[in-house]
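Visitor: The structure is given below, and queries will be raised subsequently.
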Amino acid sequence: MNGYKTEPERALEVEREELLVLFKEREELEIRIAKKQRRVAALATLVDDSEASDSILGLDLYGLTNAIRTALRAASRWGLPPPK
């Protein structure tokens, strides 16, 4: 290509860059949510061991799948690498 970009090509490039930013923001938000869920679960255990209080808030903190997902998300910003 000669370096010249049409208006649709420039618009596509801008939209792709904005989409990448949104994906990064979503990933960071998911990590923050996972860490907050762990904190709420730990505090709920100290204060009130019943799951009723969390179900009222709509939190699903006690399932094994969610516990593993939360731990992996909170482990680091990039998650855990696959085993070698």
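Read the figures in this text as sums done on the coordinates, not as results from a lab. Just so it is clear, the model here is predicted, and its values are computed rather than measured. Cβ sites come from the backbone with ideal geometry, for glycine too, and all protein chains shown count toward neighbours.
Visitor: Once phi is turned into ³J(HN,Hα) by the Karplus curve 6.51 cos²θ - 1.76 cosθ + 1.60 with θ = phi - 60°, what whole-Hz value does each residue of segment 19-34 show in order, with x for glycine and proline?
Guide: For segment 19-34, the Karplus curve yields 5, 4, 4, 5, 4, 5, 5, 5, 4, 5, 5, 4, 5, 4, 5, 4 Hz.
Visitor: Give me a comma-separated list of calculated 3J(HN,Hα) values for segment 6-17, in order, Karplus coefficients 6.51, -1.76, 1.60 applied at θ = phi - 60°, integers in Hz, x for any Gly or Pro.
Guide: 6, 4, x, 5, 5, 4, 4, 4, 5, 5, 5, 5
Visitor: Could I ask something else about it? Which distance in nm do the two modelled labels at PHE23 and LYS36 give, with both placed 7 Å along the Cα-to-Cβ direction?
Guide: Here the modelled spin labels are 2.4 nm apart.
Visitor: By the scheme Lys and Arg +1, Asp and Glu -1, what is the net charge of all other residues having a beta-carbon under 14 Å from that of ARG16?
Guide: On the way: positive: LYS5, ARG10, LYS24; negative: GLU9, GLU13, GLU15, GLU17, GLU18.
Once all neighbours under 14 Å are counted, the net charge is -2.
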